[in-house]
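Starting off with a structure, shown below.
The values are calculated or read from the model by the stated rules, or taken from the named source; none is laboratory data. Predicted model, so just to flag it, every value in this text is computed and none were measured. Note that we place each Cβ from the backbone using ideal geometry, even for glycine, and neighbour counts take in every protein chain shown.
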Amino acid sequence: MRVYFYVIAGLSSALIGWNIGQVFLGDWPIFKGLPEIALFPAVATALAIGLVANEIFVSNPTRPKLNFRILPVSLLLAAGLGLLVGLIAGVVVQILAIPEINRTPAWFSRLLGWLLIGIAVGLAEGLTWRWRSVEAGDRKRYKQRIRTSVIGGCIGSAVAALIFELLRSNGIDFRDFKQLEDPIGFALLGIVLGLTFSITNSPSYMAALRAGAGFEFREFDDPILGLEPAATEYPFIQKRNLSFVSDSELHQIEEGLSIRLPGTGKLHIGSAPKNSDIYLPGVPLHVADIILTKRTAVLQPNALYFQTIEINGEPLDRRKNILLKHNSLLTFYTVNHDAPYSKKYYRLVYYNRFLDPQA
């Protein structure tokens, strides 16, 4: 279903852009002899807007109010990038189309122009991702997303141009009905770009634990002495193995933050500061482990303290490994109530699907 939405968005956006270009060609005499300068910016802008809007709603279909809130900024940036790069593409292709100046083959001009359109759409998709997902708070992940989108746009455009030329070489000569050559070509470009971005923007199965109740922010400073709390007085993660999705520099766990989990390995949970990857004041020294493999996570409780753990609100009645599923609710109860800043319990939600926009 996701692929269908992307393909339909790419096809319809490309045809809308082509029709807008025809309006400019018909109503603005300045474009009569410069068709590419009117068509390419219109198609690039429409594709950038259409595919970015589609990605916002397809990736987060259950929160329309949030989608409409982040939509204006994303679409304005997409429109600006599409218009700018599309204009550059149109000027380049228009210059290459002048026989007195250049004898570049038509297929090469089309390939170059479509590549620039793909770059415009890729840049729009990658750059606007900052407003659509908390994952973009990780600078490395954000740069990777931009790079993947731009490369995907280039590959999709090149593939579309190649298919178009193969159709010509196999007896389908669009020049016999010139009025259909551009819409067929741009429609093909939109379909392939939509298909490409449905793959490059596919949901990330990066696992994460989202902090809930028990991690509420508290003022630690002593009102009289003004002392900072010791590192062991609040919950935190060991940064050698873990980081937060929204900010890789943070250390303390607070409500609403999502802890990015590694793809494989074993994580220790407990109140031993040096040995716990996820440190929770007041719980047993070693309460449980999370064993991570590809796309799976298993909670392995400590045999001595399994009764301090709840899964989805149900207390464990014996020591048994629990296969965690998307939205599994983990609750760890404290046993040492003398710890100065410990809470009665700590609650975490496990995710193994892509993080929603502004998760």
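Return yes or no: is ALA38 at pLDDT 90 or above and assigned to a helix (DSSP H, G or I)?
When the stated conditions are applied, ALA38 does not pass them.
From LYS274, LYS266, which residue is modelled with pLDDT of 85 or more, in the same structural domain as GLY212 (by TED's automatic domain parsing) and in a loop (DSSP other than H, G, I, E, B)?
Every option except LYS274 fails the conditions.
Surrounded by fewer than 19 Cβ atoms within 10 Å (Cβ to Cβ), of a type in the set (A, V, I, L, M) and part of a loop (DSSP other than H, G, I, E, B), is that true of LEU250?
Considered against the rule, which asks whether it is surrounded by fewer than 19 Cβ atoms within 10 Å (Cβ to Cβ), of a type in the set (A, V, I, L, M) and part of a loop (DSSP other than H, G, I, E, B), LEU250 comes out as yes.
Conditions (1) at pLDDT 90 or above; (2) under 30 Å from ARG145 (Cβ atoms), marked per residue:
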| position | (1), (2) |
| --- | --- |
| ILE290 | yes, yes |
| ASN302 | yes, no |
| ILE309 | yes, no |
| ASN321 | yes, no |
| LYS325 | no, yes |
| LEU348 | yes, yes |
| TYR351 | no, yes |
| LEU355 | no, yes |
| GLN358 | no, yes |
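For LEU267, which of the numbered conditions (1) in contact with a helix residue (DSSP H, G or I) (Cβ under 8 Å, 6 or more places away or on another chain); (2) more than 14 Å from TYR346 (Cβ to Cβ) fails to hold?
(1)
Residues in the stretch 285-299 that are buried (at least 18 other Cβ atoms within 10 Å of the Cβ) and under 23 Å from ASN336 (Cβ atoms): how many?
Qualifying residue count for the region: 5.
On to the next question. Go through the residues of the stretch 86-99 one by one and say whether even a single one is modelled with pLDDT of 85 or more, within 22 Å of TYR6 (Cβ to Cβ) and touching a Ser or Thr at 6+ places or on another chain (Cβ under 9 Å).
For the stretch 86-99, residues modelled with pLDDT of 85 or more, within 22 Å of TYR6 (Cβ to Cβ) and touching a Ser or Thr at 6+ places or on another chain (Cβ under 9 Å): present.
In this structure, does LEU76 turn out to be surrounded by 13 or more Cβ atoms within 10 Å (Cβ to Cβ) and either farther than 19 Å from ALA158 by Cβ or assigned by TED's automatic domain parsing to the domain that holds GLU125 (or both)?
It is false that LEU76 is surrounded by 13 or more Cβ atoms within 10 Å (Cβ to Cβ) and either farther than 19 Å from ALA158 by Cβ or assigned by TED's automatic domain parsing to the domain that holds GLU125 (or both).
Could you tell me whether LEU47 is modelled with pLDDT of 90 or more and either surrounded by fewer than 17 Cβ atoms within 10 Å (Cβ to Cβ) or not assigned by TED's automatic domain parsing to the domain that holds ILE146 (or both)?
When the stated conditions are applied, LEU47 does not pass them.
List every residue pair whose Cβ atoms sit under 6 Å apart, with the two residues 6 or more apart in sequence or on different chains, where the first one lies in the stretch 179-201 and is under 18 Å from GLY113 (Cα atoms) and the second, anywhere, is among the polar types (S, T, N, Q) and part of a helix (DSSP H, G or I).
GLY190/SER13
Which of the numbered conditions does ASP27 fail, given that it passes all the others? Conditions: (1) more than 23 Å from LEU188 (Cα to Cα); (2) surrounded by 14 or more Cβ atoms within 10 Å (Cβ to Cβ); (3) of a type in the set (Asp, Glu).
Result: ASP27 fails condition (2) only.
Residue-wise test of (1) outside the structural domain of ALA187 (by TED's automatic domain parsing); (2) touching a Cys at 6+ places or on another chain (Cβ under 7 Å); (3) of a type in the set (Lys, Arg); (4) within 23 Å of LEU195 (Cα to Cα).
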| position | (1), (2), (3), (4) |
| --- | --- |
| GLY17 | no, no, no, yes |
| PHE24 | no, no, no, no |
| ILE37 | no, no, no, no |
| PHE40 | no, no, no, yes |
| VAL58 | no, no, no, yes |
| ARG69 | no, no, yes, no |
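Something else now. Of the residues GLY282, GLY256, which single one is at positive phi, outside any strand (DSSP E or B), surrounded by fewer than 21 Cβ atoms within 10 Å (Cβ to Cβ) and in the same structural domain as TYR346 (by TED's automatic domain parsing)?
Answer to the check: GLY256.
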